[in-house]
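In what follows, a structure is listed as structure tokens, so that the remarks can point back to it.
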Amino acid sequence: MEAFFGGRGHKPFHGRQVLKWIHKHGVTDFAAMTDLGKRLRTELETVAEVRTPEIVIDQQSRDGTHKWLLELDCGNRIETVFIPEEGRNTLCVSSQVGCALDCRFCSTAQQGFNRNLSVAEIIGQVWVAVRQKPDHPLTNVVMMGMGEPLANFDNVVRAMSLMQDDLAYGLSKYRVTLSTAGIVPALRRLREVSDVSLAVSLHAPNDALRDELVPINRKYPLGELLPACRAFIAGDRRRKVTFEYVMLDGVNDSDTQARELVRLLRDLPAKLNLIPFNPFPGSGYRTSPPERVEAFRQVLMGSGILAVTRKTRGEDIDAACGQLVGRVQDRSRRHLRILAESRLVAC
Ligand code: SAH
């Protein structure tokens, strides 16, 4: 923003003012940015635009989870999920339209890949959520929506730094989390440019099974992924890597596999997040029974690995992990009217 203003012959600090207007005050109309000179405001109206994602569908779950389907441009839609909890409010943000990684148990994968989101489209999801939920101040962001964030590296890094910036959302490094299926070179690069928290979608205790469930593992196997995770948190003793592990009945949920996982993660400051599989039509997998998940968890805990079973949220509105597809379910009049009114529909 400073470069934008500097480049137009203005004082760079106007960049800070405009950032604050947009993100802290939610103002998108340059005319209302009253601490900028009149001439500058008029200039901005002709050369710049603040465009926010359009809410196409707004769904609230019985458990308070909120999901928005957002329209970006013609036909490109993404989903953003707001999860209120005791003492914290988390936003699950998308980084791409669709996903190219093809993890077997994820419904976003089935949709295919369309394109990367821009910085504006990523931070725009935060903007929308904060405006929609004035009574629930945002405390955490997880890059765990649609897409593989490390495959959209530059835009995701810039958007996350806005999430952390005091002129925008001011979230601490412990409250912005990037989740990756394990694109190792990008993970190594991330450490150089960002200090956000790391979650890694592990899902299997060995390469043979991970190759099958998370195909990117064939390119970057565990022998490369785990050292990169260790390097990521090196130097900060408060940090742990969160490993996500989807519990698939009869596939990766045995006690033997839990013990294998313990050996795999030995010496790595780690926390395990066990996610009951959220089924979707045609997935071919079943959710592990709750007793199995608990037994698996006990093996990990017994070996000193902190393991938490993630409570599934927003299931009734398909807002749970792996259920985000950006599909349009609503063909109602209201939906068509919104589309018709959108300036973008003409493209
Ligand atoms: N591509 C990134 C970001 C997505 S995060 C990543 O893989 O980490 C979404 C999390 O939900 C990932 O851990 C993903 O593996 C998990 N997930 C995907 N499909 C799921 C499903 N059907 N049930 C439960 N978890 C799922």
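The values are calculated or read from the model by the stated rules, or taken from the named source; none is laboratory data. This one's a predicted model, so the numbers in the text were calculated from it and none came from an experiment. All Cβ positions, glycine included, derive from the backbone under ideal geometry; neighbour counts span all protein chains shown. For the accessible areas, the whole protein counts, side chains as well, though only heavy atoms, and no ligand, DNA or RNA atoms are used. Shrake-Rupley method; radii C 1.70, N 1.55, O 1.52, S 1.80 Å.
Count neighbours as other Cβ atoms within 10 Å of each site's Cβ, and list the trypsin sites (Lys or Arg not before Pro) in the stretch 216-260 that are DSSP loop with at most 14 such neighbours.
Here the trypsin sites (Lys or Arg not before Pro) that fit, given the DSSP loop and packing criteria, are LYS219, ARG237, ARG238.
Considering only protein heavy atoms, what is the solvent-accessible area of HIS14 at a probe of 1.4 Å, reported in Å² to the nearest 10?
Solvent-accessible area, nearest 10 Å²: 30 Å².
If you take every residue apart from LYS311 with its C-beta less than 11 Å away from the C-beta of LYS311, what net charge results, scoring Lys and Arg +1 and Asp and Glu -1?
Combined, the nearby Lys, Arg, Asp and Glu give -1.
About the Cα centre, and with charges only on the beta carbon of Lys, Arg (+1) and Asp, Glu (-1), how big is the dipole of the chain? Nearest 20 debye, please.
That gives a dipole near 620 debye.
Placing +1 on the Cβ of each Lys and Arg and -1 on the Cβ of each Asp and Glu in the chain, which of ILE83, GLY147, PRO227 has its Cα farthest towards the positive end of the resulting dipole?
PRO227
Let me check I've understood the local charge: for ALA120, count other residues with C-beta under 12 angstrom from its C-beta, Lys and Arg +1, Asp and Glu -1. What total comes out?
Net charge in that neighbourhood comes out at -1.
Over the stretch 165-238, average the accessible area per residue using a 1.4 Å probe and give it in Å², no decimals.
Result: 44 Å² of accessible area for each residue.
Of all the stretches in the chain, which is the longest one without any exposed loop site, taking GluC sites (Glu not before Pro) in a DSSP loop (any state but H, G, I, E, B) with at most 13 other Cβ atoms within 10 Å?
Between exposed loop sites, the widest span is 87-347.
For helix 290-302, what angle does its Cα long axis make with the longest principal axis of the chain, in degrees from 0 to 90 and rounded to 10?
Once rounded, one gets 80 degrees.
In debye, nearest 20, what is the charge dipole magnitude of the stretch 161-263 about its Cα centre with +1 on Lys and Arg Cβ and -1 on Asp and Glu Cβ, if you could check?
Charge dipole of the stretch 161-263: 460 debye, to the nearest 20.
Please report the orientation-averaged projected area of the stretch 1-130, defined via the convex hull of its C-alpha atoms, in nm².
The number I arrive at for the stretch 1-130 is 10.5 nm².
How large is the Rg to Rh ratio of the chain when both quantities use alpha carbon positions and Rh follows Kirkwood?
0.99
What number comes out for the charge environment of GLU2, summing +1 per Lys or Arg and -1 per Asp or Glu over other residues with Cβ under 14 Å away?
Charge balance in the 14 Å sphere: +4.
Take ARG210, ARG39 and sort them by solvent-accessible surface of the protein heavy atoms, 1.4 Å probe, largest at the top.
The ordering from most to least exposed comes out as ARG39, ARG210.
Rolling a 1.4 angstrom probe over the protein chains, ignoring ligands and nucleic acids, what is the accessible area of TYR220 in square angstrom, nearest 10?
It works out to around 40 Å².
On a 0 to 90 degree scale, rounded to 10, what angle separates helix 255-265 from the longest Cα axis of the chain?
In the chain, helix 255-265 runs at an angle near 60 degrees to the longest axis.
Heavy-atom accessible area of LEU171 with all protein chains present, probe 1.4 Å, nearest 10 Å²?
Ignoring ligands and nucleic acids, LEU171 comes out at about 20 Å².
Roughly how many percent of the accessible protein surface of the chain is carbon and sulfur, given a 1.4 Å probe and a whole-percent answer?
It is 49 percent, rounded to a whole number.
Which is farthest toward the positive dipole end of the stretch 248-293 among LEU265, PRO289, SER254, measuring Cα position about the Cα centre, with Cβ charges +1 (Lys, Arg) and -1 (Asp, Glu)?
Comparing the listed Cα positions along the dipole, LEU265 ranks first.
Can you give the FRET efficiency to the nearest 0.05 for ARG131 and LEU268, using r as the Cβ-Cβ distance and R₀ = 56 Å?
My answer for the efficiency is 0.90.
If you average the C-alpha positions of the stretch 120-161 and of the stretch 1-71 separately, how far apart do those two centres end up, in angstrom?
15
Just to confirm the number: angle between the C-alpha axis of helix 184-193 and the first principal axis of the chain, 0 to 90 degrees, nearest 10?
50
Which one of LEU69, LEU117, CYS321 is farthest out on the positive end of the charge dipole of the chain, using unit charges on Cβ (Lys, Arg +1; Asp, Glu -1) and the Cα centre as origin?
So the residue furthest toward the plus end is LEU117.
Would you calculate the volume per residue, in Å³, of the smallest convex hull containing every Cα atom of the stretch 85-204?
It comes to 117 Å³ per residue, whole-number rounded.
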